[in-house]
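To keep things clear, I will list the structure first and then write my remarks on it.
The values are calculated or read from the model by the stated rules, or taken from the named source; none is laboratory data. Predicted, not measured: the structure shown is a model, and the values here were computed from it. Positions of Cβ are generated from backbone atoms using ideal geometry, with glycine treated the same way; all protein chains shown enter the neighbour counts.
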Amino acid sequence: MSSLSAEMNTPTKSKIEFKELCHKAVKCRKCFEKNNELSLDLEPPKKSNFNIAQPRWIGSNYWMARPRVLIMMLNPGSGDSRKDDADVKAVEKLRVFRNSGNGKKLDEILKDQKADMGFWGNFFQFYGGMGLQTSIDKERIAFANFAWCATDGNKYPSKMLKYCFENHTKKLVELLMPHVVILSGSPTHKFEPEILKILPKSKIIQTLHYAHRESKDVERKAQDSVKKQLGQGSGWQNKRQS
């Protein structure tokens, strides 16, 4: 068993701590407060009014997966291009979770989010092309954002990213204890030193964001690079680490 596996809590305890961490995060609006020490002058997205933190999906079998893989992106989108009411429903459920702390409500929110990922453009195709589709289908993978809140105009100043990382995201990474962290999108790559401080024995892989604007040829090369760095074929996620 790897040292990371030895350090991790039992799945039940980890899920409880994950719920508690998410509950703390959805109550936080520090970056949007006026006249505080951050002085960020940020607003939630005007169209969706998504004015609450958004935990990201953790597969139900992630805790027992070998290896554990965490895909990290920078932020939740503003939702300006959406034409349905999915964001409105998500906000309503997140507010219920914020006010109640009910873990079953969080499970419902994340289940909805998993289903909604199919509408996130190139999401499944991009990560599936890295050999990760089986892990997604069998819920053996986790996703996270460095910033938990959407902002109007997708603005993410360094002060916001630092505050959110120190108060929420760092604790999430410590809880998830992944063997592999995929930093998806160039703005996330600068966090590699911080992640290595938490996970000095984990593999860190830098790649494109799923909504990149590069060519298909560049995308395929990026996907192949991730596969190569993982040192695997299509069934790599079934290998146990010693």
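Overview of values
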quantity	calculated
Residue under evaluation D41, criteria (1) part of a helix (DSSP H, G or I); (2) among the acidic types (D, E); (3) surrounded by fewer than 17 Cβ atoms within 10 Å (Cβ to Cβ), criterion not met	(1)
Selection status of F119, surrounded by 21 or more Cβ atoms within 10 Å (Cβ to Cβ), under 17 Å from the mean Cα position of the chain (by Cα) and not aliphatic (A, V, I, L, M)	no
Selected residue (criterion: nearest to G59 (Cα to Cα)) from residues of segment 94-110 that are among the basic types (K, R) and either touching a Gly at 6+ places or on another chain (Cβ under 7 Å) or exposed (fewer than 15 other Cβ atoms within 10 Å of the Cβ) (or both)	K104
Single residue of R82, R56 found to be under 16 Å from the mean Cα position of the chain (by Cα) and either in a loop (DSSP other than H, G, I, E, B) or at pLDDT below 95 (or both)	R56
So D152, is it at pLDDT below 95, closer than 19 Å to I52 by Cα and in contact with an Asp or Glu (Cβ under 8 Å, 6 or more places away or on another chain)	yes
